[in-house]
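Here the structure comes first, spelled out in structure tokens, and everything after it is commentary.
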Amino acid sequence: MILVMLGTQNNSFHRLLEEIERLIKKGKIEEKVIVQAGYTKYQSSNMEIFNLIPQKQLEEYQKEANLIITHGGVGSIISSLKMGKKVIAVPRLHQYGEHVNDHQKQIVKTFDEEGYIIGINEVSELEKAIEKNLTFKPKKYEADNKKMLSIIENFIDNL
């Protein structure tokens, strides 16, 4: 099962769900797809879509998932890494009205460069990221406050 987590931002992230839908129809995604869509209103007969999922149920889906595809939210990324999951993260972008700025680009880039996730910049890169996932060995996430503080400081320094 693939879990898609779009967070709870009050902006849509249609681009990502449209690309996942395309990849399902193309046969590149064959697993069941469950989506926590937040404010993204999207209809699909190929995905099981929920606006919000209660925290305990979301954690169960995370545990069950073979892959998590998420927006560039720190909470979604870290909660998935803590469970030892493979993560593909796609930043919400200001130019599409998906966020107030592009800070998620730096978050995704930082976690990708550290080897924790597969980070991509555009939804058009998702197909290759899913292929890369088959052999990707993520760096094990450890709740090391010093390391996380360093990542956050690096992020802030690059703003």
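The values are calculated or read from the model by the stated rules, or taken from the named source; none is laboratory data. Treat the numbers as computed from the prediction; the structure is a model and nothing was measured. So basically every Cβ, Gly included, is an ideal-geometry build from the backbone, and we count neighbours across all protein chains shown.
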Every residue from the stretch 1-27 that is exposed (fewer than 14 other Cβ atoms within 10 Å of the Cβ) and either farther than 17 Å from Tyr61 by Cα or among the polar types (S, T, N, Q) (or both):
Asn10, Glu18, Lys25, Lys26, Gly27
Answer yes or no as to whether Thr70 is more than 15 Å from Ala129 (Cβ to Cβ) and surrounded by 21 or more Cβ atoms within 10 Å (Cβ to Cβ).
no
(1) of a type in the set (Ser, Thr, Tyr); (2) without any contact (Cβ under 8 Å) to a residue 24 or more places away in the chain; (3) over 22 Å from Pro138 (Cβ atoms); (4) buried (at least 18 other Cβ atoms within 10 Å of the Cβ): which one isn't true of Ser79, the others all being true?
(3)
Residue that is nearest to Met1 (Cα to Cα), among those in the stretch 60-74 that are of a type outside the set (A, V, I, L, M, F, W, C) and at pLDDT below 95:
His71
Phe50: aromatic (Phe, Trp, Tyr), in contact (Cβ under 8 Å) with a residue 40 or more places away in the chain and farther than 20 Å from Lys140 by Cα, yes or no?
no
